[in-house]
Amino acid sequence: MMVSTREKLNIFAAVLHLLAMILSLAAAAAMSSSSGSSLNSSSPLDPFDFSTTWSLPEDPSNSSSEPVVRTLTPDLHPASTAVTVQEVSPWDIALCVTGTLISCENALVIAVLFYTPTLRAPMFILIGSLAVADLLAGLGLILNFVFTYLVDSSVEFVTLLSVGLLISAFSASVLNILAITVDRYLSLYNALTYHTERTVTFTYLMVVFIWVSCLTLGLLPALGWNCLKDESTCSICRPVTKNNAVALAVTFLLVFALMMQLYLQICKIAFRHAQQIAVQHQFVAISTTKGVSTLSAILCAFGACWLPFAMYSIVADSSYPVIYTYATVLPATCCSVINPIIYAFRNPDIQKSLWMACCGCVPSNLSLRPRTSSDV
């Protein structure tokens, strides 16, 4: 696969532009946290400061109502209009850093897929959709940090926008992983008819269905399914209601169960193919065993990231300590960090494009065999 100099420059320009936007958001959030801490420092008392109230001390020796001369003394309690600075949580900083890493990784994947015309197979369409979902999830984590410490979080629009973006992005990420699993199963089950126009059309319809469904889920809090008017109904992720959070968690558990079933079927088909090829029996047995180990690692990583948050969403509500919410949300966001490594950077075709874009050559130890959707 040859990549021209112009295509390489286009890939670099797109990546640099996306990374500049992402890093500028993260830098703005970091500057806001540092500037906020400076507002906490004590300042000398200003008698002309209208936020300072003045009171007359009561003289206990004078119980009569006759007017007496008293000295004005300042009341050091600030007025109700004083600006309060929110302390930056280390958990929010960790989520912001994770979001920056997610955005940088997936921006690179999107740029490579967009500027490489040969990467248009159904598998790459799904990988690109997954990268877009994870990129939006990373940007959502950065924007959530900015909205929390730069914008008044009491504004309903800001809260609903941030939560809606995160729900849509992470839901799309999970469903795209399921779609990739379905694509791998179909590529083995219908190996002869996989590379047809019908498969490409089915892939595009599946991607459209995923994004329409996830955008609808993200709009639900803005359409009234929220707990802003009744805090007692809030889940661990305000303003999502407890019922909606349980529904999302149960849906995830069903998706995870379906993925386990599909990967089990993939393993069965792979072992059946291995038994049918007698000439390369030893080689295929070794490669099949390696493939099963890879599938197990992928499934375990996905479950380890999302299962704690899903189970905690079912049993907990807004009255539980917030540290438990952070401790389950952070591993879930890390799933979007490892998705590009599992589904994109391990692919030889994407590796070739990256090597050609970076140094104009392909390493000799890189596999020249075209990678199919059934490969893991």
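The values are calculated or read from the model by the stated rules, or taken from the named source; none is laboratory data. This structure is a prediction, so every number in the text was calculated from the model and none was measured. Neighbour counts run over all protein chains shown; Cβ positions are idealised from the backbone, glycine included. Note: areas computed on protein heavy atoms with side chains; ligands, DNA, RNA excluded. Shrake-Rupley method; radii C 1.70, N 1.55, O 1.52, S 1.80 Å.
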Give me a comma-separated list of calculated 3J(HN,Hα) values for segment 96-110, in order, Karplus coefficients 6.51, -1.76, 1.60 applied at θ = phi - 60°, integers in Hz, x for any Gly or Pro.
5, 5, 4, x, 5, 5, 4, 5, 5, 4, 6, 5, 5, 4, 5
Leaving ligands, DNA and RNA out of it, work out the accessible area of LEU217 with a 1.4 Å probe and give it in Å² to the nearest 10.
60 Å²
Using the Karplus equation 6.51 cos²θ - 1.76 cosθ + 1.60 (θ = phi - 60°), what ³J(HN,Hα) coupling, rounded to whole Hz, does each residue of segment 237-246 give in order, writing x for Gly and Pro?
10, 5, x, 6, 6, 4, 5, 5, 5, 5
Taking all protein chains together and a probe of 1.4 Å, list TYR263, TYR189 from the most accessible to the least accessible.
TYR189, TYR263
Using the per-residue mean of other Cβ atoms lying within 10 Å as a proxy for protection, in what order, highest first, do the peptides 332-342, 134-144, 293-303 fall?
134-144, 332-342, 293-303
Could you give each residue of segment 217-230 its phi-based ³J(HN,Hα) in whole Hz, using Karplus coefficients 6.51, -1.76, 1.60 with θ = phi - 60°, and x for Gly or Pro?
4, x, 7, 4, x, 6, 8, x, 7, 9, 10, 5, 8, 9
Taking amide H positions as placed in the peptide plane 1.01 Å from N, state which residues far from CYS237 in sequence (5 or more) or on other chains have amide H under 5 Å from it.
none
